[in-house]
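Structure first, then comments.
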Amino acid sequence: MNKIRLSLLMLLSYFSANAQNTVKINAAGTGNSEVKISKHIYGHFAEHLGACIYGGFYVGEDSKIPNTNGVRNDVVAALKTLKVPNLRWPGGCFADTYHWKDGIGPKDKRPSMVNTWWGGVTENNSFGTHDFLNMCELIGTEPYLAGNIGSGSVQELADWVQYVNFDGESPMSKLRRQNGRDKPWKVKFWGIGNEAWGCGGNMTADYYANEYRKYATFVSDWTNTGALFRIASGANSADYNWTETLMKNIPGNMLSGVALHHYSVIDWNKKGPSTDFNEQQYFTTMQRALQMEELVTKHSAIMDKYDPQKKIALVVDEWGGWYEVEPGTNPGFLYQQNTMRDAMIAGVTLNIFNNHSDRVRMANLAQAINVLQAVILTKDEKMVLTPTYHVMEMYNVHQDATLLPVEVKSKDYVVNNQKLPAVSASASRDAKGLTHISLVNIDSKNAQEISLDLPGTKSGGVTGRILASSKLQDFNSFENPKKIQPAAFKDAKLNAGKLTVKVPPFSVVVLEVK
Ligand code: AHR
């Protein structure tokens, strides 16, 4: 074979390998052991950090901003529409400095503290346990409390459990009743510390495993029957030794979930701006986001060794994009805008979680309001829903639906000779028998034509919604809050179990097939 023919053949095979995007959906689901996409994958996170709580969720009873017991009505309505399944509080790093008893009782008698992690501001504790748990009832979400094991005590955490969960007569339930709440809130999700390897106490994995066992013994209903869902502070991104050590040293009946934190950050010393980013910065952010696939695969494989029946959940209770703060804002408040890049992070990450929902059964985007990859931004009485909000709202059709595994073959998105798969997908079937498929095209320049194979699906028609914009750097501002919004998607054609879809550059599409 001469050289020219060989090169031609190589070129041809390159193009045929890259010629088409295909998504094969297994309509039979995962077979006998059907997997449900837990709604808790769509959880959020509210820390006492910057304007997340004060100004974000809570403005106080005397505010001119319409509120219910101090909680903004616009925020409650938006989060109800989002179908927030759980909300993590009070941190983050803040959690391991928080003493819950300072946040109960008459507000004018509550002691202040300094928020040492986040801007060194004075925290007056006006938003405390009752405020948070009543707010969760208002939103219709399950609370996830993060306990203080860094600077607290076993007794303090055990008292918190008794205060919020005990129905009978006890010192703590008596105190709760004195503070105006008769029935317990019955909080199920409990975090035993946060980032114990860092701001939660700089512990080694071995040391933390022992601390976990001690604290978890008292974060219980004293039967160890698993009524409370206890979550161990987990690994920082690819720290696989952390997961291995916890799984090896903590008895399975004491552990409901192991956490994992992973942020899509370009470089911790040079995070880049949130809106004024270039193509390479976008590419690197997407690389970090897509790394989640490898992380959940490898952490899950370690968990499989010790827990082959997958009883213990992998809980990704902090994830999202992290950039430089907006110019002129307090660096300790982590306030950043939210563009179509963030919509891409949300789309691909949620697809990864859906596809790994046999093990990933809970996750929390960091954070809900005014901090990092927020779904809501507020400025006095104004409120903006970010592109990330819209992606999470479009994807909420997957909550508690049956996972339909997908096989994706994607063209490459290439920048400076580096490549990533352009297309990401996940699919599920809901209780009404509707199939939902979420598709993301991260390519900043090229639309992707995708051919989807849906064997076994009744072809009763397809509808869809799309989130797109003309520039990757576009965002919803207080001046133009509805610039980016979901719209009807018409570019899908269904024919005898085959679907052809054209997904524009940097857009998210969610299809519904009857
Ligand atoms: O989400 C912001 C911070 O990031 C959290 O407080 C901490 O847990 C993590 O390092």
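None of the figures in this text is laboratory data; all of them are computed from the coordinates on show. Note that the structure is a prediction, hence the values are computed from the model and not measured. All Cβ positions, even for glycine, are placed from backbone atoms using ideal geometry, and neighbour counts span all protein chains on display.
Within the set of other residues whose C-beta is less than 13 Å from the C-beta of Arg176, count the net charge using Lys and Arg as +1 and Asp and Glu as -1. Please report the intermediate quantities before stating the final value.
Details: positive: Lys101, Lys174, Arg177, Arg181, Lys183, Lys186; negative: Asp159, Asp167, Glu169, Asp182.
Surrounding charge for Arg176 is +2.
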Handout entry: Ratio of the Cα radius of gyration of segment 241-331 to 2.2 N^0.38 Å, where N counts its residues
Key = 1.38
Practice task
Please work out the C-alpha center-to-center distance from segment 231-252 to segment 338-386 and express it in whole Å.
Solution key: 25
Practice task
Pull the list of the chain cysteines that no other Cys approaches to under 4.7 Å, Cβ to Cβ.
Solution key: Cys52, Cys136
Fill in the blank from the handout: Toy charge model, Lys and Arg Cβ at +1, Asp and Glu Cβ at -1: the chain dipole around Cα centroid in debye, rounded to 20, equals 1420
Completion exercise
The ³J(HN,Hα) series, computed from each phi in segment 227-239 with the Karplus coefficients 6.51, -1.76 and 1.60 at θ = phi - 60°, rounded to the nearest Hz and given as x for glycine or proline, is 5, 9, 9, 9, 10, 7, 4, x, 6, 8, 6, 8, 7
Exercise for the section: Quantify how much of the Cα-Cα distance distribution of segment 39-399 extends past 28 Å, in percent. Expected result: 40
Completion exercise
The answer for GluC sites (Glu not before Pro) in segment 392-489 that fall in a DSSP coil and have at most 13 neighbouring Cβ atoms within 10 Å is Glu479
Handout entry: Dipole of segment 39-399, positive direction: furthest Cα of Trp322, Ser151, Gly191, with charges on the beta-carbon
Key = Gly191
Problem - J(HN,Hα) series, segment 44-59, from Karplus relation 6.51 cos²θ - 1.76 cosθ + 1.60, nearest Hz, glycine and proline x - result: 10, 9, 10, 10, 6, 8, x, 9, 6, 7, 7, x, x, 6, 10, 10
Handout entry: Gap separating the Cα centres of segment 417-485 and segment 135-168, nearest whole Å
Key = 38
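For the chain, what proportion of DSSP beta bridges, expressed in % and rounded to the nearest 5, is antiparallel? Could the numbers behind the result be given before it?
Working: 55 of 92 bridges.
Once the DSSP bridges in the chain are tallied, antiparallel ones form about 60 percent.
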Completion exercise
In degrees rounded to 10, the 0-90 angle between helix 129-139 Cα long axis and the longest Cα principal axis of the chain is 40
Exercise for the section: Report, by chain and number, residues whose modeled amide H sits under 5 Å from the one on Tyr413, excluding near sequence neighbours (fewer than 5 apart, same chain). Expected result: Leu420, Ala422
Completion exercise
A correct Karplus calculation of ³J(HN,Hα) over segment 483-496, with 6.51 cos²θ - 1.76 cosθ + 1.60, θ = phi - 60°, whole Hz and x for Gly and Pro, returns 4, 10, 8, x, 10, 5, 10, 10, 8, 10, 10, 10, 8, 6
Exercise for the section: Would you work out if segment 303-416 is rounded, prolate or oblate? Take a ≥ b ≥ c from the square roots of the eigenvalues of the alpha-carbon gyration tensor; rounded if a/c is under 1.5, else prolate when a/b is larger than b/c, oblate otherwise. Expected result: prolate
